[in-house]
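Report on the following structure.
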Amino acid sequence: MSSDPIELYVRAAGVFDAHVHAVRADQWGDPTPCTDWNVRQLVNHVAVEDLWVPPLLAGQTVSDVGDAYDGDQLGDDPVTAWSSALSDARRSAVEPGAATRTVHLSYGDDLAGEYLLQLFADHLIHAWDLARAIGGDTTLPADLVDECATYFSGMEALYRDIGAIASRVEVPHDADRQTRLLAAFGRSASAPV
């Protein structure tokens, strides 16, 4: 990929962030395209991902962190809790040299840049999930869709093999890039929530 993983992560997190701030008080229990999660659980999932960023980029291991981020991390004020997690993660990600560090992940050591690309993809796709769930604008930035499609083309089989995504959805051959990307992640752009 030619683009900076830090920039991609920060921008995709910003797209997700905009949708979190649009969630109405009566929507936190609504279903999402991630059938196991309602809106609150989806936001919590992404917040937990961001809570992991500072310790992992600081060189800690999964064992070091342990179960600190298990369960609900949103508390009584989900938007504020989300914003705090994102702010800390973003600050860690933009530190000089962050993308070239080694991170100790559950599957082994990897470059932080690769880890940030994983987060980029997850934040972008979950931004669509959240927008769909709350009736927001589901149009993702076209350049981020293209970057994610390029990244994910080499990762799709692995993601599917480990059960991280559902089966690919069939789409017409002339489907737009976003529809094809969502299909690769096991999502139908037109299916009801």
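Each reported figure results from applying straightforward, stated rules to the coordinates on display, with no laboratory input. Because the structure is predicted, anything quoted here is derived from the model rather than measured. Note: ideal-geometry Cβ built from the backbone for every residue, glycine included; neighbour counts use all protein chains shown.
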field: Helical contribution to [θ] at 222 nm, DSSP H n ≥ 4, -39,500 (n - 2.57), averaged over the chain, rounded to 500
entry: -17000 deg cm²/dmol
Förster-model FRET efficiency, 41 Å R0, THR80 and ASP174, C-beta, rounded to 0.05: 0.40
task: Could you give the size of the charge dipole of segment 97-180 about its Cα centre, using +1 on the Cβ of each K and R and -1 on the Cβ of each D and E, expressed in debye and rounded to the nearest 20?
output: 140 debye
query: Can you list the residues, at least 5 places off or on another chain, whose amide H is less than 5 Å from the amide H of ASN38, using H built in the peptide plane?
result: none
- line: Along segment 60-70, Karplus-curve 3J(HN,Hα) (6.51, -1.76, 1.60; θ = phi - 60°) to the nearest Hz, with x for Gly and Pro, reads 6, 9, 4, 5, 4, 6, x, 9, 4, 10, 6
- request: In whole Hz, with x marking every Gly and Pro, tabulate ³J(HN,Hα) for segment 147-162 from phi via Karplus 6.51 cos²θ - 1.76 cosθ + 1.60, θ = phi - 60°.
  value: 5, 5, 4, 5, 4, 6, 4, x, 10, 4, 4, 5, 4, 5, 4, 8
task: Would you kindly compute the Cα radius of gyration of the chain and its largest Cα-Cα separation (Dmax), both in Å?
output: 16.1, 48
message: With the crude spin-label approximation of a point 7 Å out along Cα→Cβ, what separation in nm comes out for ARG24 versus ALA166?
response: 2.5 nm
- request: Report the full-extension gain for the segment ASP143 to VAL94: residue separation times 0.36 nm, less the Cα-Cα distance, to one decimal in nm.
  value: 15.6 nm
message: Taking amide H atoms as placed 1.01 Å from N in the peptide plane, list the residues 5 or more away in sequence, or in a different chain, whose amide H sits under 5 Å from that of LEU105.
response: ASP110
